[in-house]
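See below for the structure under consideration.
The values are calculated or read from the model by the stated rules, or taken from the named source; none is laboratory data. Small disclaimer: the values here were computed from a predicted structure and weren't measured. Cβ placement follows ideal geometry from the backbone for every residue including glycine, while neighbour counts extend to all protein chains displayed.
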Amino acid sequence: MNNTTFYLKYRPQTLEELDLDSVRGELKKIVSSGNIPHALLFAGTKGTGKTSAARIIAKIVNCEKQGKKLSEPCNKCGQCKSISNGNNLDVIELDAASNRGIDDIRALRDTIKLSPAYAKKKVYIIDEAHMLTLEASNALLKTLEEPPDHVLFILATTNPEKLIETIRSRTTLIEFHKASSEETVRSLTFVVKGEKLKIDKEILLSISKMSDGSFRDAVKTLEQLVSQKVKLEKESVEEYLFNKKAFNQKEFIDNLLAKDSKKALLEIGEFIKKGVSTESIIDSLVSALRESLLVKVGLKGEEIPNLPKQDLISLIELLIYARSQIALSPIEELPLEIAVIRWCGDGVAEEPQTEDVKQPTRNLTTKLSEITDDVWKTILTTIRPINTSIEALLRAARPVSYDGSNLTLGVYYRFHKERLEEVSHRKILEDVLASILGSPIKVTCTLTDPPAKKVADVPLTETKDNDIIKIAEEIFGN
């Protein structure tokens, strides 16, 4: 256990140990009623204990020492121990960001029909459930409507509003709000006692304020203080927290106003090295920009000079979108870096276009009802210098429908569909679409037949396989 991080070592193992008062109370009522719903929806910000709570519920329904009336898990039987360790065959944890397609959910539906291997109930914990595609969500919905008696679903999400309404209506919602200072201190105190540390409550309150309602961030900060041998005294801890938190908001905004992407990007790198999270940087910026925006409409506050109202709105929207993409990014700070590059005017939207492609405006504020041939050519041309593989894949696809925020692509071959649905490829594509179309775009891929060619235009030696070979060569090289 010595190498286990504090957050994992001291994660709650019973309902009583859950640190959010409201969640602890709600789940206790549900369990004591003896009637646990077949589908629960845990919704709230990161680091507030959604996965821990899901595992506790999984232990409660499968604990070998449960009596007729459900109660806390024993945490000693084989089922409880294997669930705590994450290796129980009947408790399946899925990351919807990586298993978001229709095929993944179809495979899940096939396994659901099978009885549990050893446990009383199969429990499916689906993290970031809002990342499921529309097709996958509809497939999951059918299972939620008529689940087998031996199955329990627990969906976890940071963005419940992105789930389709029919799924939300068929689940019992438990809201995980940001932790209060008192709740965070309760969580930290549990760790302090376990590690036999001597630290004042006042210092724990300082850590709590910095964690912004996240138990995970608070415990990680405490662990950093201990591992870096910072004296657990008020002056030393506050100096450490100040240096860690130190984000020169004004200087960063000045660089954005000057459209100096190089300085802004270097600053981001420095803050990340100090341990400042990308979320903290964005939240700090948005807070200052919001205050300036409110001043523009007549409220009191501090105004940022030389930043017109419309530019304020555009920058805020750009940063909010970047924040929403952090969970999907392989590099935490990348979405913020892309936002800075776009704002400063040297991003993907300004890539040179070929002469035969009409140049659309950078942000198409008229909300197109369809992706025209010209816009599709622009998308392909823009994405080519960023990632030639994606551009090659897209040439075996076509836009099927578009409503201003959702784009469905008809892809001709399963291989190409699977590659486009990979998180890294999809993210690049959605970022490029957002820069061209002017708003966040969610892409869904579906298999469709390739367009028919006129006989006169097709050489006698050409077959459908030639198309696949040509694109594969462009993706993998000759």
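Miscellaneous remarks
- Scanning the stretch 272-323 for residues that are of a type in the set (Val, Ile, Thr) and farther than 16 Å from Phe252 by Cα gives Val295, Val297, Ile313, Ile320.
- Scanning the stretch 384-402 for residues that are within 16 Å of Asp373 (Cα to Cα) and not polar (S, T, N, Q) gives Glu391, Leu394, Arg395, Ala396, Ala397, Arg398, Pro399, Val400, Tyr402.
- Single match in Glu135, Glu128, Glu161, Glu175 (criterion: of a type outside the set (Val, Ile, Thr) and over 30 Å from Ser401 (Cα atoms)): Glu175
- Any hit, the stretch 170-190, residues being of a type in the set (Phe, Trp, Tyr) and assigned to a helix (DSSP H, G or I): yes
- Total residues in the stretch 117-134, condition touching a Phe, Trp or Tyr at 6+ places or on another chain (Cβ under 9 Å) and of a type in the set (D, E, K, R): 0
- On inspection, Ile199 does not qualify as outside any helix (DSSP H, G or I) and under 24 Å from Asn62 (Cα atoms).
- All positions within the stretch 88-114 that are polar (S, T, N, Q) and at pLDDT 90 or above: Asn88
- Scanning the stretch 251-263 for residues that are free of Cβ contacts under 8 Å to residues at least 12 places away in the same chain and either touching a helix residue (DSSP H, G or I) at 6+ places or on another chain (Cβ under 7 Å) or assigned to a helix (DSSP H, G or I) (or both) returns Asp254, Lys262, Lys263.
- Within the stretch 21-39, residues that are touching a residue at least 24 places away in the same chain (Cβ under 8 Å) and assigned to a helix (DSSP H, G or I) reach partners that are surrounded by 14 or more Cβ atoms within 10 Å (Cβ to Cβ) and among the aromatic types (Phe, Trp, Tyr) with beta carbons closer than 8 Å, at six or more positions or on different chains, in the pairs Val23/Phe176.
- Residues of the stretch 145-169 satisfying the condition of being in contact with a helix residue (DSSP H, G or I) (Cβ under 6 Å, 6 or more places away or on another chain) and in a helix (DSSP H, G or I): Lys162, Thr166, Ile167
- Once the stretch 401-434 is narrowed to residues that are β-branched (Val, Ile, Thr) and under 29 Å from Ser314 (Cα atoms), the residue that is surrounded by the most Cβ atoms within 10 Å (Cβ to Cβ) is Val432.
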